[in-house]
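Q: Please see the structure below; I have some questions.
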Amino acid sequence: QVQLVESGGGLVQPGGSLRLSCAASGSIFSINVMGWYRQAPGKQRELVGGITSGGITNYADSVKGRFTISRDNAKNTVYLQMNSLKPEDTAVYYCNLKLRASDYWGKGTLVTVSS
């Protein structure tokens, strides 16, 4: 069984930074894709970005140049460095693991960008 645990959310002022972490445990195989999604109040969940086990990344246009995804394969951990945060980045951020034909999700961590 796979478990994902996020950490690092909180309240930050516009223009500030936060770093989210997601640790995966369980039956993790080396070839997978880890990433982040977010869901703002009243909106659908959307992709923020992802990273393959080989380090290839992709990002939503709305976060390109501001957010960076990285991972530590030895620790089965993925990170989301968020810079130049905007109020519209406020959302619950969910960690996602794509492993073979399955999707696994964390419980989410709230990021609030407000002055």
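The values are calculated or read from the model by the stated rules, or taken from the named source; none is laboratory data. Here the structure is a predicted model, which is why all the values come from computation and not from measurement. Methodologically, a virtual Cβ is constructed for each residue, glycine included, from the backbone with ideal geometry; neighbour enumeration extends over all protein chains shown. Heads up: the accessible areas ignore ligands, DNA and RNA and are worked out on the full protein's heavy atoms, side chains in. Shrake-Rupley method; radii C 1.70, N 1.55, O 1.52, S 1.80 Å.
Q: Just to verify a number: FRET efficiency for Lys43 and Ala74, C-beta to C-beta distance, R0 = 25 Å, to 0.05?
A: Details: r = 35 Å, r/R0 = 1.41.
Computed FRET efficiency for Lys43 and Ala74: 0.10.
Q: So what's the net charge close to Gly16: Lys and Arg +1, Asp and Glu -1, counting the other residues with Cβ under 13 Å from its Cβ?
A: On the way: positive: Arg19, Arg66, Lys86; negative: Asp89.
Here the charged neighbours net out to +2.
Q: Something else: Residue-wise, which Karplus ³J(HN,Hα) couplings in Hz belong to the range 56-68, taking 6.51 cos²θ - 1.76 cosθ + 1.60, θ = phi - 60°, and x for glycine or proline?
A: Couplings: 7, 10, 9, 9, 5, 4, 5, 10, 4, x, 10, 10, 9 Hz.
Q: Got a number for carbon plus sulfur as a percent of the chain's accessible area, 1.4 Å probe? Mind dumping the intermediate values first?
A: Values: 3080 of 6250 Å².
Solvent-exposed carbon and sulfur of the chain make up 49 percent of the total.
Q: Suppose we keep just the alpha-carbon trace of the range 2-54; what are its Rg and Dmax in angstrom?
A: Rg and Dmax of the range 2-54, Cα atoms, are 13.5, 38 Å.
Q: On a 1.4 Å probe surface of the protein chains, which of Asp72, Asp61 comes out largest in accessible area, and what is the full order? Kindly include the intermediate steps, with their values, before the conclusion.
A: Numbers: Asp72 50, Asp61 125 Å².
Order by accessible area, largest first: Asp61, Asp72.
Q: Ok, one more. Report Glu46's accessible area, 1.4 Å probe, all protein chains in place, as a number in Å² to the nearest 10.
A: 80 Å²
Q: Related question: Pairs of alpha-carbon atoms within less than 8 angstrom and 6+ residues apart define the contacts here; what relative contact order does the chain have, in percent?
A: Numbers: 280 pairs, mean separation 42.1, N = 115.
With pairs under 8 Å counted, the relative contact order is 37 percent.
Q: Give a quick list of chymotrypsin sites (Phe, Trp or Tyr not before Pro) in the range 28-104 that DSSP marks as loop, anything other than H, G, I, E or B, with at most 13 other Cβ atoms within 10 Å.
A: Working: sites: Phe29, Trp36, Tyr37, Tyr59, Phe67, Tyr79, Tyr93, Tyr94, Tyr104; in loops: Phe29.
Answer by residue number: Phe29.
Q: Something else about it: May I ask you to give the solvent-accessible area per residue for the chain, in square angstrom, as obtained with a 1.4 angstrom probe?
A: Details: 6250 Å² over 115 residues.
Spelled out: the 1.4 Å probe surface of the chain, per residue, equals 54 Å².
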